[in-house]
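Notes to accompany the following structure.
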Amino acid sequence: MPDAPGERVISVLDLAALDPAALAPLVVHAEPWINFDVGLLVDRFWANTINGLAYGSVYALIALGYTLVYGVLQLINFAHSEIFVIGVFGVYLTFVALGFEPGAIPNLPLAAIILDLVLAGLVAMAVAGLAAIGLERVAYRPLRRRNAPRLAFLITAIGASFVIQQVIRIWRGSNPEGTIRLLPPSPVFSIFGAPVTNLQIVIILASIAMFVVTDRFVNGSRLGRGIRAVAQDPATATLMGVNRERVITITFLVGGVLAGVAALFYLMTIPQGAVYNGGFLLGIKAFTAAVLGGIGNLRGALLGGLILGVAENYGQSLFGGDWRDVVAFVLLVLVLMFRPTGILGESLARSRA
Amino acid sequence: MSMLELDDVHVAYGRIQALRGITLRVEEGQIVALIGANGAGKTTTMRAISGILGLQSGAMRFEGDDLTAVRADLRVVRGISQVPEGRGIFPGMTVAENIDMGAYVRKDRRSAEFAQDLERVYELFPRLAERRTQVGGTLSGGEQQMLAIGRALMARPRLLLLDEPSMGLAPQFIAQIFRVISEINSEGTTVLLVEQNATQALGLANEAYVLETGEVTRSGTGAELLADPTIQDAYLGVS
């Protein structure tokens, strides 16, 4: 076949060829609604990676809540996304209570801002943690007492999710609150030309730290061993003297607290204000992350969250912004086709968490 | 007063009546055996004592106190430890972690006594010491049974409930398990033993009860029942 002018044969693995100019002919505009822009993908590779890791950290923190509850109760707690939203409002209302207003970036010394952020984070952790315990008491415990079938739990979870959402809507209205940014992103250093901002560094490091603390708690502490025992064999756990109800309460508390941390990071980076249905897509993404990594598995939640965040960003560059969510779910389907239990498998129950 | 007293205990799974008025006594320091066919209610009795199942009616007292008022997880604190049917090993925990789960309710983890108890378990079952870091789910049936017994001992029980400890085990393991049971008992732990392996169980037991469809049909000393021709016919495989 004779070479047409302008056409080049590029091996996918040939790194030297990964130069946007050389790849320009590969940009296909067969249909106006879908792109295939390899150039942009390569161009933004590092920026996407860093941004994806920051987004993915937020997913991972929420995913841990899904995975912990699933491990102990084999229940997909669909109302967990609303626990997160309660956390988001906790952060927002703390900002308001501290005298900040939407729009303007406050002119305060860095130490004061950090103090305010930490305070808002603590409020969110407390509020979301207590909300999670309340949810468990009101929605799930009565079902457990009556030995309800699993389907009843699932429907209750969906119902609780709507109830909390609508209560917030009635209370705060359906418009998003204004965005309050205490700390504007500013580049600290760059990796291969991609700027890394202070916010991204804080979020990625703090999320990993939270994960390590959670992992230590579950695998190292006495209560954590109780959680694992209930996840692996609830009846035998009782025979060992583990109080199952207490373990369940603590599991919900830990999940809620992590969602509160996620809420702080969410409002710090994502230019969308607190809104009653803000947890919907994020919750589904975090749940996807948990399944992707292997639900019931703490490390899987972290890995799934990070992979999902990064993959979404790559997909956005490759196919166009509107395809972001499609990429996330197609990725999930592809992984589950080849590994039905997720990348790391269900492990809170079956092997070491 | 006996250590454990069950009076006219009824337990049902939904509409299925599993226990229809069980009355039995376990004296302190003894080995008491419950024998009977599949579905006779042996495991149900054990689960009622450990609190996994609630009573429909009847009374249950441990060292004089009403046991039905004590939550299942707190019965371990009171001194009742169960080796469940099917062993109940936590499959994702290592041997050491499983043994440690047995001591979940203990508050003296740093004491010399705790270290002694741990040493004692590994002394009774040297095989467990070799496999300390192996994950529970990968052990053989016999090893899992040793692990389940060792784990129960870590709670320092005064009453040890053993549900079919010989089930599915190779003969050399069965002999070892029964040897260990009589050793544990001679050190002062009271044992309530459920067995299908009636010959072994009756040989070991001070007292024994025969269960049939949720009722006690015979009771006596182990030796009496072992010598009884109808028992021999039904449970001992002697003909």
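Bear in mind these aren't lab numbers, they're just calculated from the coordinates by the rules spelled out. The shown structure was predicted, so the numbers you read here are calculated from the model rather than taken from an experiment. Glycine also receives a Cβ, built like all others from the backbone with ideal geometry; neighbour counts cover every protein chain displayed.
Taking every alpha-carbon pair within the protein assembly as shown, the share separated by more than 43 Å comes to 37 percent.
Look at the stretch A:224-236: the mean tally of other chain Cβ atoms within 10 Å of its residues' Cβ atoms is 5. Calculated on the Cα set of chain A, radius of gyration then Dmax: 22.0, 78 Å.
Charge dipole (Cα centre; +1 on Lys/Arg Cβ, -1 on Asp/Glu Cβ; no other charges) of segment B:4-236 amounts to roughly 740 debye. Ranked by the mean number of other Cβ atoms within 10 Å per residue, highest first, peptides A:281-290, A:128-137 order as A:281-290, A:128-137.
Peptide B:67-77 has a mean of 3 when you count, residue by residue, the C-beta atoms of other protein chains within 10 Å of its C-beta. Here segment A:64-287 is treated with +1 on each Lys and Arg Cβ and -1 on each Asp and Glu Cβ, and its dipole about the Cα centre works out to around 820 debye. Put the Cα centre of segment A:38-93 next to the Cα centre of segment B:30-82 and the gap is 46 Å. The calculated FRET efficiency for A:VAL333 paired with A:ASN277, based on their beta-carbon distance and R0 = 25 Å, is about 0.50. With a Förster radius of 41 Å applied to the beta-carbon distance between B:GLN56 and A:ILE158, the computed FRET efficiency rounds to 0.70. Using only Cα atoms, tell me the angle between helix B:171-186 and the longest principal axis of chain B; keep it within 0 to 90° and round to the nearest 10. Long axis of B:171-186 versus the principal axis of chain B: about 90 degrees. The magnitude of the dipole of the protein assembly as shown, with charges of +1 and -1 set on the Cβ of Lys/Arg and Asp/Glu and taken from the Cα centre, is near 860 debye. Among the chymotrypsin sites (Phe, Trp or Tyr not before Pro) in segment A:125-231, those placed in a DSSP loop whose Cβ has at most 16 other Cβ atoms within 10 Å are A:PHE192.
Which angle between 0 and 90 degrees, to the nearest 10, do you get for helix A:222-232 versus the longest principal axis of chain A when only C-alpha atoms count? Taking Cα atoms only, the helix is inclined about 80 degrees. Within 10 Å of the Cβ of each residue in B:86-94, the mean number of Cβ atoms contributed by other protein chains is 6. How fast does segment A:213-306 diffuse by Stokes-Einstein, in µm²/s, taking the Kirkwood radius from C-alpha pairs at 10 °C and 1.306 mPa s? The diffusion coefficient I find is 107 µm²/s. Protection proxy ranking, highest mean first, for peptides A:42-55, A:66-79, B:129-142: A:66-79, A:42-55, B:129-142, where packing is the per-residue count of other beta-carbon atoms within 10 Å, averaged. B:GLN134 versus A:ILE170, label points 7 Å from Cα toward the beta carbon: distance in nm? Label-label distance for B:GLN134 and A:ILE170, simple model: 6.0 nm. Spin-label model, B:ALA115/A:ASN107: points 7 Å from Cα along the beta carbon direction are separated by 6.5 nm.
Rounding to the nearest 10 and keeping the result within 0 to 90°, find how far the Cα-based axis of helix A:150-172 lies from the longest principal axis of chain A. Approximately 80 degrees, to the nearest 10.
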